[in-house]
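Peer 1: First the structure, which I've put down as structure tokens, then a few questions once you've had a look.
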Amino acid sequence: IPRTTDEFDYSNYHDLNTIYSFMDMLVAEHSDLVSKIVIGQSYEGRPLNVLKFSTGANHPGIWIDTGIHSREWVTQASGIWFAKKIVNDYGRDPILTDILNNYDIFLEIVTNPDGFDYTHTSDRMWRKTRKPNPGSSCVGVDPNRNWDTSFGGPGASSNPCSQTYHGPSAHSEPEVKAIVDFVKSHGNLKAFMSIHSYSQMLLYPYGYTHTPAKDQAELHELARKAITELQSLYNTGYTFGSIITTIYQADGVTVDWTYEQGIKYSYTFELRDTGRHGFLLPANQIIPTAEETWLALMAIMEHTKNNPY
Amino acid sequence: KETFEGHQVLRITAKDEAQITLLKEISQQVHLGLDFWREPIRESLPVDVCVPFNSLQAVRAFLAYNHFEYCVMIEDVQALLDEEQRQMLKSRP
């Protein structure tokens with residue numbers, strides 16, 4: 001068992017216990033910078049752990065989550081790498097240091113722990129939460145259709161057996177409700193990045209309507225900058241734009257809700273694969289994926305810092 | 001534990017709206033057990049679908065009959081999963 005986060009194997013996939021142990025190790029090693037907060041419990045009673053990177057009180061916040069869709073393993077693995085990258089670079093990288101001297105970063109590495117555990121124990125291809133649906137033999141809700149913005153619209157399914165089932169009501173999933181409560185109680189998040197895989201896209205609101213977000217021009221230009229940074233490392237092909245114009249209509253999605261809560265810099269990523277492995281991205285691609293994504297995250301975080309609102 | 005022996009992931013390129021509609025129709029056929037990793041949306045976006053071994057023949061026939069262009073993205077899903085498990089075990093002490 002790795003005894004320090006330096007010994008941790010970042011180029012491999014890990015189960016939930018190992019990831020949670022990693023978080024505890026990181027907090028123990030860097031207690032001046034990182035703390036763990038528990039924002040709620042999953043349906044099956046697992047803690048919803050968030051790493052808080054903070055250098056002072058009353059800072060505005062930046063949120064990053066990975067792994068809301070449990071089978072997208074490269075996202076949780078990238079989240080682990082991001083956490084280590086933050087503690088490594090603070091005090092060394094002047095841009096990150098400046099960001100952290102002014103903003104807290106909240107990182108939820110396993111947003112859907114029940115689903116993630118299920119992918120390790122029972123069904124590697126599981127995507128949704130694990131809450132049963134009364135009256136149906138099909139289990140789980142798509143936690144990226146469960147948010148209270150255009151909840152239940154045509155860009156989600158009302159069929160509990162569908163991969164995009166929106167759930168019985170907005171925020172019915174404790175994994176979603178915990179973030180909702182956190183965002184509302186914090187009240188001062190300035191950027192929100194929700195990370196998925198795969199198809200290599202950087203998307204901003206809206207998913208539910210063709211009406212452009214009021215900050216569309218700025219969001220679009222920032223997406224262009226972030227993707228330029230990302231591509232500078234390995235030339236990975238990315239597209240960007242609003243969710244509805246770039247992929248499809250999606251109702252009740254995370255970043256539409258966060259944007260309508262007033263978090264202007266709301267983005268969602270779709271990380272690699274480049275078209276050969278889909279959700280089964282080989283472990284040797286974890287670090288390159290995380291490295292390139294980090295450049296885009298940094299671009300968005302730096303812009304957030306430089307453009308207070 | 002769910003296994004995926006012989007499951008294949010097909011990457012399908014639809015050439016027009018009519019083919020997108022056909023893919024949407026087949027996605028509704030629950031008995032085929034299809035798992036659309038990338039859904040049929042528009043011609044410019046590829047469609048990736050995980051097809052259980054038992055449905056492969058029917059799906060390939062459907063694609064051929066309707067003149068779809070497609071390739072096999074993953075030949076055997078379980079083989080990739082086995083490799084993934086091997087890698088994970090290797091990293092454990």
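Peer 1: Take the alpha carbon gyration tensor of the stretch A:244-309, find the square roots of its eigenvalues, order them as a ≥ b ≥ c, and report rounded if a/c is under 1.5; if not, report prolate when a/b exceeds b/c, else oblate.
Peer 2: Since a/c reaches 1.5 but b/c is at least a/b, the shape of the stretch A:244-309 is classed as oblate.
Peer 1: Restricting to the protein assembly as shown, what percent of DSSP beta bridges are antiparallel, rounded to 5?
Peer 2: 55 percent
Peer 1: Taking other Cβ within 10 Å of each residue's Cβ, how do A:W73, A:W294, A:W257 sort, fewest first? Spell out each step's value before the answer.
Peer 2: Details: A:W73 24, A:W294 21, A:W257 27.
Taking fewest neighbouring Cβ atoms as first place, the list is A:W294, A:W73, A:W257.
Peer 1: Okay, moving on. Work out from phi, with θ = phi - 60° and the Karplus expression 6.51 cos²θ - 1.76 cosθ + 1.60, the ³J(HN,Hα) of each residue of the stretch A:206-217, listed in order in whole Hz, and give x for Gly and Pro.
Peer 2: 3J(HN,Hα) across the stretch A:206-217, in whole Hz: 10, x, 9, 9, 7, 4, x, 4, 5, 9, 3, 4.
Peer 1: Please order A:H196, A:H210, A:H59 by the number of other Cβ within 10 Å, starting at the fewest.
Peer 2: Arranged by neighbour count, lowest to highest, A:H196, A:H210, A:H59 become A:H210, A:H59, A:H196.
Peer 1: Summing +1 for each Lys or Arg and -1 for each Asp or Glu, what net charge is found among the other residues whose Cβ lies under 15 Å from the Cβ of A:I244?
Peer 2: -3
Peer 1: May I pose another question? Local charge sum around A:T293 (other residues, Cβ-Cβ under 11 Å, Lys/Arg +1, Asp/Glu -1)?
Peer 2: -2
Peer 1: Per DSSP H run of at least 4 residues, take -39500 (n - 2.57); add these up for chain A, divide by its residues and hand me the 222 nm value, nearest 500 deg cm²/dmol. Let's see the in-between values first.
Peer 2: Details: 9 runs with 113 residues, N = 309.
Taken over chain A, the calculation gives -11500 deg cm²/dmol.
Peer 1: What GluC sites (Glu not before Pro) in the stretch B:53-93 are in a loop by DSSP, with at most 16 other Cβ atoms within 10 Å of the Cβ?
Peer 2: Filter output for the stretch B:53-93: B:E75.
Peer 1: What cysteines in the protein assembly as shown have no other cysteine with a beta carbon less than 4.7 Å from their beta carbon?
Peer 2: B:C50, B:C71
Peer 1: Using amide H atoms built in the peptide plane, which far-off residues or other-chain residues are under 5 Å from A:S266 H to H?
Peer 2: Amide H to amide H, under 5 Å and 5 or more residues apart or across chains, A:S266 pairs with A:F192.
Peer 1: Here are some pairs, A:K184/B:K24; A:K85/A:K128; B:K1/B:K90; A:K131/A:K184; B:K24/B:K90; which of them have Cα atoms lying more than 31 Å apart in this structure? Write down the numbers at each step before the final one.
Peer 2: Values: A:K184/B:K24 38 Å; A:K85/A:K128 28 Å; B:K1/B:K90 21 Å; A:K131/A:K184 24 Å; B:K24/B:K90 41 Å.
A:K184/B:K24; B:K24/B:K90, as the Cα separations exceed 31 Å there.
Peer 1: Still on this model: Cβ under 10 Å from A:K36's Cβ, A:K36 left aside: what net charge do those residues give with Lys, Arg +1 and Asp, Glu -1?
Peer 2: Overall, the nearby charge balance is 0.
Peer 1: On to the next question. Which order results if A:M23, B:M88 are arranged by neighbouring Cβ count within 10 Å, fewest first? All intermediate terms of the calculation are to be shown ahead of the outcome.
Peer 2: Details: A:M23 22, B:M88 17.
Fewest to most other Cβ atoms nearby, the residues stand as B:M88, A:M23.
Peer 1: In chain B, which helices (entire DSSP H runs) extend 18 Å or more along their own long axis, judged by Cα positions, while averaging at least 0.0 on the Kyte-Doolittle scale?
Peer 2: Both cut-offs are met by B:53-65.
No lab work stands behind these numbers, since they all come straight from the coordinates. Here the structure is a predicted model, which is why all the values come from computation and not from measurement. We place every Cβ from the backbone using ideal geometry, glycine too, and count neighbours over all the protein chains shown.
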